[in-house]
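Heads up: the structure comes next, in C-alpha cells.
The values are calculated or read from the model by the stated rules, or taken from the named source; none is laboratory data. Quick caveat: nothing in here was measured; it's all calculated off a predicted structure. Here the Cβ is made from the backbone with ideal geometry for all residues, glycine too, and neighbour counts use every protein chain on show.
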C-alpha cells in the first residue's frame with residue numbers, strides 16, 4: 001500500500017491552522033469613538049453606520065435607515081452613514097441608486113472605522129443623548145429592524161442632561 | 001457523464017458539488033434576491049466517433065433570510081457514441097459478445113475496439129440546506145441521488161465552516177457518504193473470467209454495489225487586500241464493486257502480439273473481464289491562490305492526488321479574468337493534468353504469464369497527460385448574466401511497460417483523445 | 001503522497017506567515033464577483049474530467065468574499 005502517512009499531513013495542516021487562528025484580531029483602538037464626527041450632535045440620539053458599495057447587507061439597510069430618519073428626525077434622531085469605499089466613484093453610484101435622506105461621510109482610508117473599532121461590515125453604533133455608545137450591531141438582518149427601532153425609540157425618550 | 005461507471009461519477013461529483021457550496025456572503029451589492037437560478041447547457045464531443053455528451057445543469061436557490069437558504073439542483077446527461085472496450089487493436093478481425101450477452105459485434109482489422117452500444121441518460125438531483133450558527137459559523141446538510149439504467153446512487157453530505165480573525169481565516173470540514181447500486185446489463189462479470197459466446201452468462205454474476213465515503217478539511221486565508229489562498233486536504237474511501245463491468249483485457253501471444261484463442265466452443269479470442277481491487281483509498285491536497293488586480297483577477301490552483309491503486313496525479317489550473325467593462329468579461333483558461341498509471345493497469349495480458357490478481361486495460365488508469373485550453377465570455381444584462389465557454393481538451397496516454405510486442409507495434413494502442421467542450425450558461429435572481 | 005507535497009505545505013506556511021489582517025472595510029476587492037470561486041464551472045469541469053481521468057474533486061468553496069454579515 002503506497003499511501004503516505006495521512007497523520008503527518010494532518011499534523012502539518014493543524015500547525016498551519018493554529019498559526020492562522022493565532023494571527024490575532026484587529027489592532028484598532030476599539031475603545032474610543034471618533035467624537036469629531038459627532039461634533040454639534042450633543043443632545044441627539046445618533047446612529048453611526050459604516051457601509052460600503054460592495055456590501056450586500058448595506059444595500060438592504062439603506063431603505064430602512066431612510067425610513068428611520070424620516071420617522072424620528074423631529075425627535076432628535078440623526079443618522080451618520082460613514083462610507084469606507086476605496087473608490088469614491090463606486091460609493092457615488094450606490095448613492096445614486098439609493099438616495100439617502102441622512103448625512104453621509106466618506107472615510108476611504110478607514111481612519112474613522114479604525115477609531116470606532118469596526119469589526120464587521122456593516123457595523124452601526126447607537127449613541128445616546130449624552131454621547132455614550134449604548135449598542136453596537138454587526139451585520140444587517142431584516143429580523144432585527146423592529147427590535148433596533150424600539151431600542152432607538154427608548155433612547156429618544158431619555159432626556160438630554 | 002458516466003462512461004459506464006463504477007467510476008460512478010455521482011458521488012464524487014456530488015461531493016465536489018456539496019463539499020463545495022456554502023454561500024459565504026452576497027458578493028456585489030444588489031437588491032436582496034429571494035431566488036437565484038443558474039442553468040448551463042453543456043456539449044462535449046470527442047473526435048473519431050467516440051463519446052458525445054449533452055448535459056443540462058440547473059439549480060434554484062431560495063434565500064429565506066440572511067442566515068438560511070436551501071437549494072436544489074438537477075443534472076441531466078445524455079451520452080451517445082462509442083468507448084474503448086479495453087481490448088487491444090489487432091491486425092486480425094475481432095469478435096466480441098456485447099454487454100447484455102445477446103449479440104456479437106465485429107471489429108475490422110486495425111480498427112480500434114470500441115463498444116458502440118453506448119447510449120445512456122442519467123438524471124441527478126441534489127438538495128441542500130444552509131444555515132448560520134451565530135456570527136462566525138455556518139453549517140449545511142444535503143442529499144444527492146442519481147439514476148441511469150444500470151446505476152443508482154444515493155448519498156448524504158454535511159459541512160461546517162467557521163471564521164476566525166475578522167473573517168480573514170475560514171476553516172471548513174465536510175463529509176459525504178454514498179451508496180451506489182449497479183445492475184449492469186447482462187450481469188456483473190466475474191473478475192478475470194473469459195468472455196463467452198452469445199447467450200452464455202456463466203461468467204456473470206448478479207447486481208453489485210459500493211460504498212463511498214469522503215472527508216474534506218480546508219482553510220481559506222486572506223493574505224492581503226488583493227489576494228487569498230485556499231488549501232484543502234481530502235480523503236476518500238470506496239468499498240465494493242469498483243471494476244467497470246463493460247471492460248476487459250486482450251490476452252495476446254508474448255512474441256507475436258496477436259490474440260490467442262478463447263474458451264473452447266466460444267469462437268472468440270481470449271478476453272478477460274477486468275478486475276480492480278474492491279477497496280480504493282485516495283488522498284488529495286489542493287491549493288488555490290486568487291488575486292485581484294484593480295480591474296482583472298486571476299486564479300491558479302494545484303492539486304496533488306495519491307491513492308492505494310498506485311495512481312498519482314498532478315493538476316495545474318490557471319484562469320485570468322479580463323473584466324472588459326462593468327458588463328462583460330473574457331476569461332482564458334489553461335489546465336494541465338498528469339497521471340501515473342495504476343499498479344494493476346495492463347494494456348494487454350500475455351498468454352502463459354501468471355495471471356495477476358487485479359488487472360484493467362481502461363486507458364483512464366494509464367500513464368497520461370492532458371491539456372485543456374479554453375476561453376469564456378460573459379455578459380451581464382439588466383436581468384441576469386449569460387456566458388459561453390469554449391474549451392479544447394487533449395489527452396495522450398502511454399501503454400503499460402512491455403506491452404508493445406509483435407503485431408501490437410503496428411497499431412495505436414491508446415489513440416489520443418481530442419474533445420471540444422461548449423457550454424452556455426444563464427443565471428438570474430428574482 | 002508525491003514528493004512534492006512537503007514542499008507545497010512549507011510554501012503555504014511561508015506564505016501565510018507574511019499575511020497581515022485585512023480589516024473588514026478593506027474587503028472591497030475580495031467582495032468582487034470574479035474573486036469568488038465559480039462553483040458551477042468547477043462542478044462541470046469535475047463532471048467532465050471524472051469520466052476521463054482517475055482523479056476527482058479535492059476542493060472546498062468557503063471563505064473569502066466580502067465577509068459581510
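General remarks:
- When the range C:40-69 is filtered for residues that are under 12 Å from residue B:421 (Cβ atoms) and either within 16 Å of the chain's Cα centre (by Cα) or within 7 Å of chain B (Cβ to nearest Cβ) (or both), the ones remaining, listed by number, are C:41, C:44, C:45, C:47, C:48, C:52.
- Single match in B:240, B:218, B:236 (criterion: over 30 Å from residue B:401 (Cα atoms), surrounded by 16 or more Cβ atoms within 10 Å (Cβ to Cβ) and within 32 Å of the chain's Cα centre (by Cα)): B:218
- Candidates B:399, B:415: the one that is under 26 Å from the mean Cα position of the chain (by Cα), within 26 Å of residue B:94 (Cα to Cα) and crowded, with 21+ Cβ neighbours inside 10 Å is B:399.
- Filter pass, residue B:259 being more than 9 Å from chain C (Cβ to nearest Cβ) and either closer than 24 Å to residue B:116 by Cα or buried (at least 21 other Cβ atoms within 10 Å of the Cβ) (or both): yes
- Candidates B:343, B:351: the one that is more than 25 Å from the chain's Cα centre (by Cα), touching a residue at least 24 places away in the same chain (Cβ under 8 Å) and on the phi < 0 side of the Ramachandran plot is B:351.
- Odd one out for residue B:272, checked against (1) more than 30 Å from residue B:349 (Cβ to Cβ); (2) buried (at least 18 other Cβ atoms within 10 Å of the Cβ): (1)
- Matching option when the condition is within 22 Å of residue A:53 (Cα to Cα), within 16 Å of the chain's Cα centre (by Cα) and away from chain C (no Cβ under 13 Å), among A:115, A:111, A:141, A:145: A:145
Residue-wise test of (1) away from chain C (no Cβ under 12 Å); (2) part of a loop (DSSP other than H, G, I, E, B); (3) over 27 Å from residue B:310 (Cα atoms); (4) at pLDDT below 95.
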| site | (1), (2), (3), (4) |
| --- | --- |
| B:322 | no, no, yes, no |
| B:330 | no, no, yes, no |
| B:334 | yes, no, no, no |
| B:339 | no, no, no, no |
| B:347 | yes, yes, no, no |
| B:355 | yes, yes, no, no |
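- Number of the exception - residue B:87 against (1) modelled with pLDDT of 95 or more; (2) surrounded by fewer than 23 Cβ atoms within 10 Å (Cβ to Cβ): (2)
- Filtered residue count, the range B:360-398, keeping only those that are within 27 Å of residue B:271 (Cα to Cα) and either within 9 Å of chain C (Cβ to nearest Cβ) or out of contact with any helix residue (DSSP H, G or I) (no Cβ under 6 Å at 6 or more places or on another chain) (or both): 12
- Filter result for the condition that a residue is crowded, with 19+ Cβ neighbours inside 10 Å and either in a strand (DSSP E or B) or modelled with pLDDT under 95 (or both), over B:127, B:155: B:155
- Complete set of residues in the range A:101-124 that are surrounded by fewer than 18 Cβ atoms within 10 Å (Cβ to Cβ), under 22 Å from residue A:149 (Cβ atoms) and in contact with a strand residue (DSSP E or B) (Cβ under 6 Å, 6 or more places away or on another chain): A:103, A:104
- Taken over the range B:275-303, the criterion of being under 25 Å from residue B:361 (Cα atoms) and either more than 18 Å from the chain's Cα centre (by Cα) or surrounded by fewer than 22 Cβ atoms within 10 Å (Cβ to Cβ) (or both) is satisfied by B:275, B:277, B:278, B:279, B:280, B:281, B:283.
- Of all the numbered requirements in (1) part of a loop (DSSP other than H, G, I, E, B); (2) modelled with pLDDT of 60 or more; (3) more than 14 Å from every other protein chain (Cβ to nearest Cβ), residue A:53 misses one, and that requirement is (3).
- Among the residues of the range B:43-71, those that are loosely packed, with under 15 Cβ neighbours inside 10 Å and assigned to a strand (DSSP E or B) comprise B:43, B:56, B:60, B:62, B:64, B:65, B:68.
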